[in-house]
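Just so it is clear, none of the values below were taken in a lab; they were calculated from the coordinates. Remember, it's a predicted structure, so these values are computed and weren't measured experimentally. When we count neighbours, we look across all protein chains shown, and the Cβ atoms used for this are built from the backbone with ideal geometry, even at glycine.
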Amino acid sequence: MPEIKKYSEEELIHLLKNRDQQAFAYLYDNYSSALFGIIYKMLEDRELAEDILQEAFIRIWNNFSSYDSLKGRLFTWMLNITRNLTVDTIRSKGYRKQAKIQNSGNTVNSSVDNIISNANTAESFDALGIRKHLTLLKDDQKQIIDLAYFGGFTQDEISKQLAIPLGTVKTRMRAAIMELRKILQNKN
């Protein structure tokens, strides 16, 4: 059995900047389930989530030269690409039209399939420990992060949804991100 190579984040970044395909395969193997879990949580459509995940990894590969480790961690950069693709999909006319068609049709999903699917998604999502860390935030911060990153809402939409000023949303989001960063740094 061949030995599985493990990379530090710095090694991985260096190899990916040099277009190393083995490093990219490692990146996919180690991050795809977490990113898929986030996409699926936003869409609740396995097939579309798989398509977006594939598109996200193509963008990650094609745009890796734009990654700057001084601006954030690798996973955060990949998460933003993935989340933005998902939000773009949700906002597209084609997605809305398809959602209307599916909602008006007589499609019935098996409860067992949904339970298994949701368990697998939660499992891959929790592999990062994100849920555990979100519970450490204040309720108002947790709510804003949930709407923004998992609900696909913009800050303006969050402001309207919660009936609070946009500046308050921005302040709470910034505070939540700083708190999560602190929590994750203490974890490592």
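Which pairs in the list Lys142/Lys182; Lys6/Lys71; Lys5/Lys41; Lys5/Lys182; Lys138/Lys170; Lys142/Lys170 are over 20 Å apart, alpha-carbon to alpha-carbon?
On the way: Lys142/Lys182 15 Å; Lys6/Lys71 24 Å; Lys5/Lys41 30 Å; Lys5/Lys182 29 Å; Lys138/Lys170 15 Å; Lys142/Lys170 13 Å.
Beyond 20 Å: Lys6/Lys71; Lys5/Lys41; Lys5/Lys182.
Using 7 Å Cα-to-Cβ label points, what is the Glu50/Ser69 separation (nm, one decimal)?
3.5
7 Å from Cα along Cα→Cβ at both Arg181 and Ser8: what's the point-to-point distance in nm?
A separation of 2.2 nm, rounded to one decimal place.
Can you list the GluC sites (Glu not before Pro) in segment 1-55 that are in a DSSP coil and have 10 or fewer other beta carbons within 10 angstrom? Write down the numbers at each step before the final one.
Details: sites: Glu3, Glu9, Glu10, Glu11, Glu44, Glu47, Glu50, Glu55; in loops: Glu3, Glu44.
Sites meeting the loop and neighbour criteria: Glu3.
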